[in-house]
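*Asks:* Here you go, one structure.
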Protein chains: 2
Amino acid sequence: MDATRDGDVVRVPPPGRERFYDSQGYGRPDGDALDLVSVEAAHLLFRGDLDSVDGMDLPAFLAATDCTLPFLVYKDLRNRGFYLSPAREGWVDDPGTADFVVYPRGEGPWDDAVEYRLRVVGERETLSASSLSESDTLAVVDEESELTYLSVDHPDLRGESASDLPADAPAALLADRVVLWDPPGDLYRRTFYGQPLDGRQAAGPLQCSLIEAAYLAEHGAIRVDEGREAVLDRGRDVEGERFDRRLAVYSALRERGVVPKTGFKFGADFRTYATVESADDLGHSEHLVRVVSRDHAFNPRDVALDVRLAHGVRKRIVFALTDPEGTIDWLSVERLTP
Amino acid sequence: MDATRDGDVVRVPPPGRERFYDSQGYGRPDGDALDLVSVEAAHLLFRGDLDSVDGMDLPAFLAATDCTLPFLVYKDLRNRGFYLSPAREGWVDDPGTADFVVYPRGEGPWDDAVEYRLRVVGERETLSASSLSESDTLAVVDEESELTYLSVDHPDLRGESASDLPADAPAALLADRVVLWDPPGDLYRRTFYGQPLDGRQAAGPLQCSLIEAAYLAEHGAIRVDEGREAVLDRGRDVEGERFDRRLAVYSALRERGVVPKTGFKFGADFRTYATVESADDLGHSEHLVRVVSRDHAFNPRDVALDVRLAHGVRKRIVFALTDPEGTIDWLSVERLTP
């Protein structure tokens, strides 16, 4: 069967609708004929169900239409047993930033349900934070044409950790950290601030990060001789503007009852615990949080790295998008197997 | 017991040598007296073995000497049962870039053996590629004063994968990849180039990355209508100068009998297989390779991320340091538990 290009669609004459839409969910019917987008036509050429489009075979058609990346994704999802439609204005409701609307397995364009709104991204494209935030599902095509599916979500991080703080505990600024030489016992044990100088189990001096110390000083829990501002200044000295952004995220997490601790070993800003009752009996930390500014451009490979690492340690990677007004958007990304 | 500062050493009067060197390995003897560096003095203050240095207790001494980071590392290694000496010119042989010379457990400065030449790095410092390359062991102190030990090595990546290539197989440049619509069967199956368009087990069209295609074209194995240069140009179009650097590393690995495939899912440039006999029966890939230029400044947190991820998938991260002359230095980093 042969088809022809008509503007930016590929037209299959009757009985195109019956052959390719009614039972297989390709394209958009027009009477007994059928309109396809390039990627659908390419797939029908690949399967041998179409012989040609304007006389072109698959190699010629792909070279002429530049739809290789979405074709690879379309083909993969078809292989996995899904029907999907191009997210084309007028063909589906609310196309948004998606390239495809994928139906639940066993359903198709005749039904109402949508499983994924899928966006196709090449490994080398960058993703603005705002466009990532508007995405539902990404299919990243790497340079060797392997696919990675990622699901984007907007988590509401909440916890029930203890939050009672001491007042005016003396603390000393020491290079890029703060030490409480004689800390209130509950500061570490109950509320999990700082790190005992002599190991987990020991009482005695407590070291805090500048972030922890800035938060504690702001809440009147510790008193540094040089004053609260000195802690902030030291933080900005050693980290620049990142310090304030990280502090904003740290504070937001603490206000939500979540305990953030360093995520250094995982290459993140923080790992977080939703419920800390005692530092002696910590549960598993659930999230890794990376702080980025709202104008950050994500490199898909860096996202893949974070997602893979988080998965390997049974956590979820959360990007905290910050802006100068102090608003924070939370964005989680997870690997998905359709 | 009290000590006094004398220039940049701390001097313990007799019987300082007997008390702190002979059985405990602190400092450098001077007759029956003992010279210490600040970090050793801090540790003796911390233990209560020294009462003061110039009248200062530990908090005052740390504030005055700015040796908090090395003190944390020194203390940790002492806790783990190691003796260690400051890598000070004249105190140890060949101090190099190290901060401490750590002796094998059970041995000390009286013996000849050295277990680690340790450099102390704060989480926020950057590490030039050359200084990382000259390091033996790093102790990274993160913002919450937790320690991560990293071992740096210079691996010799070699393999025994099949390397016989076809000649002049027709291939088509398609956006940022290359397709062989009718490939020689062994190209994928034996030598593991490309990715079959229709899944691992299938014969049929083979997709190659631009890197693979550039290498194959250079060796006369494939022929692209537009010519070999067109593949390189396309690579530079989509990746800039990184393309040539990555191609140089890819080529070097292939020349060593190692098969590089995309490392995208691990956030790296390549994963590598030392011995591929057949793509149908792949072993485990041993390394993740990240290509960086020789003037790259490593952020310890990014290194921690790579190291942790690689460990989690039972691989080793290798940094391939490239320069404009085409020289490549290979540098591996692994987590170490002293």
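*Asks:* What does the average come to when, for each residue of peptide A:303-309, you count the partner chain Cβ atoms lying within 10 Å of its Cβ?
*Replies:* The shielding value for this peptide is 6.
*Asks:* For n ≥ 4 DSSP H runs only, could you compute -39500 (n - 2.57) per run for chain A, divide by its residues and tell me the 222 nm figure to the nearest 500? Could you put the intermediate results ahead of the total?
*Replies:* Numbers: 9 runs with 88 residues, N = 338.
So the helix-based figure for chain A works out to -7500 deg cm²/dmol.
*Asks:* About its Cα centre, how strong a charge dipole does region B:162-248 have in debye, to the nearest 20, once Lys and Arg get +1 and Asp and Glu get -1 at the Cβ?
*Replies:* On the way: 11 positive and 16 negative charges, 66 e Å.
Its charge dipole is roughly 320 debye.
*Asks:* Just to be sure I understand the interface: list residues from region B:152-186 that lose 20 Å² or more of accessible area between the chain on its own and the complete protein assembly, 1.4 Å probe.
*Replies:* When all protein chains are present, B:Leu174, B:Ala175, B:Asp176, B:Arg177, B:Trp181 each give up 20 Å² or more of accessible surface.
*Asks:* Let me ask another. Could you tell me how many degrees, from 0 to 90 and to the nearest 10, lie between the Cα long axis of helix B:300-312 and the main elongation axis, the longest principal axis, of the Cα atoms of chain B?
*Replies:* So the inclination is approximately 60 degrees.
*Asks:* So, one more: Structure shown: which of A:Lys265/B:Lys75; A:Lys265/B:Lys265; B:Lys75/B:Lys265; A:Lys75/A:Lys265; A:Lys261/B:Lys75 lie over 27 Å apart, alpha-carbon to alpha-carbon?
*Replies:* B:Lys75/B:Lys265; A:Lys75/A:Lys265
*Asks:* Let me ask you something else. Take every Cα pair under 8 Å in chain A that's 6+ residues apart, average their separations, divide by the length, and report that relative contact order as a whole percent.
*Replies:* Details: 671 pairs, mean separation 43.0, N = 338.
It comes to 13 percent, rounded to a whole number.
*Asks:* So for each of B:246-255, A:55-64 I average, over its residues, the number of other beta carbons within 10 Å; can you give me the resulting order with the highest mean first?
*Replies:* Order by mean packing, descending: B:246-255, A:55-64.
*Asks:* Okay, next question. May I ask you to give the percent of accessible area on region B:162-248 that is carbon plus sulfur, with a probe radius of 1.4 Å?
*Replies:* 47 percent
*Asks:* Sticking with this one: List for region A:37-64: residues with 40 Å² or greater reduction in accessible area, all protein chains versus chain alone, probe 1.4 Å?
*Replies:* So the qualifying set is A:Phe46, A:Pro59.
*Asks:* At R0 = 51 Å, how high is the FRET efficiency between B:Asp111 and A:Arg88 if r is their beta carbon distance? Nearest 0.05 is fine.
*Replies:* Efficiency for this residue pair is about 0.10.
*Asks:* Please compute the per residue accessible area over region B:58-216 with all protein chains in place, 1.4 Å probe, rounded to a whole number of Å². Don't skip to the end; give the middle numbers.
*Replies:* Details: 6020 Å² over 159 residues.
With the other protein chains kept in place, region B:58-216 gives 38 Å² per residue.
*Asks:* Another one. Which residues of region A:252-292 bury at least 20 Å² of accessible area once all protein chains are present, versus their chain alone (1.4 Å probe)?
*Replies:* A:Thr262, A:Phe264, A:Lys265, A:Phe266, A:Gly267, A:Arg290
*Asks:* Let me ask something else. Counting only protein heavy atoms and using a 1.4 Å probe, what share of the accessible area of region A:2-122 belongs to carbon plus sulfur, as a whole percent?
*Replies:* C and S fraction of accessible area: 39 percent.
*Asks:* If each label sits 7 angstrom from Cα along the C-beta direction, how far apart, in nm, is B:Gly96 from its counterparts in the other copies?
*Replies:* 5.4
*Asks:* While we're here: Using per-residue counts of other Cβ atoms within 10 Å, averaged over each peptide, order B:227-233, B:164-170 from highest down.
*Replies:* Put in order of decreasing packing, that is B:227-233, B:164-170.
*Asks:* Taking the label point 7 Å from Cα in the Cβ direction, how far apart in nm is A:Thr337 from each other copy of itself, listed shortest first?
*Replies:* So the label point of A:Thr337 gives 2.9 nm to the other copies.
*Asks:* Which whole number gives the average count of other chain Cβ atoms within 10 Å of the Cβ atoms across peptide B:119-126?
*Replies:* Neighbouring Cβ atoms belonging to other protein chains average 2 per residue here.
*Asks:* Related question: Using a 10 angstrom cutoff on alpha carbons, build the Gaussian network for chain B and name the most mobile of B:Lys315, B:Lys265, B:Lys75.
*Replies:* Comparing B:Lys315, B:Lys265, B:Lys75 in the GNM, the peak value goes to B:Lys265.
*Asks:* How would you order B:318-326, B:212-220 from highest to lowest mean count of nearby Cβ atoms within 10 Å?
*Replies:* Descending mean neighbour count gives B:212-220, B:318-326.
*Asks:* Say a label goes 7 Å from Cα toward Cβ at A:Ala33 in every copy; what distances in nm does this one have to the rest, shortest first?
*Replies:* Label-point separations across copies, in nm and ascending: 10.3.
*Asks:* Further question on the same structure: List the accessible area buried at the contact between A and B, summed over both sides and calculated with a 1.4 Å probe, in Å² to the nearest 100.
*Replies:* Using a 1.4 Å probe on protein heavy atoms, the buried area is about 5600 Å².
The values are calculated or read from the model by the stated rules, or taken from the named source; none is laboratory data. This structure is a prediction, so every number in the text was calculated from the model and none was measured. Ideal geometry is used to build each Cβ from the backbone, glycine not excepted, and the neighbour counts take in all protein chains shown. Note: accessible area is taken over every heavy atom of the protein model, side chains too, but ligands, DNA and RNA are not part of it. Shrake-Rupley method; radii C 1.70, N 1.55, O 1.52, S 1.80 Å.
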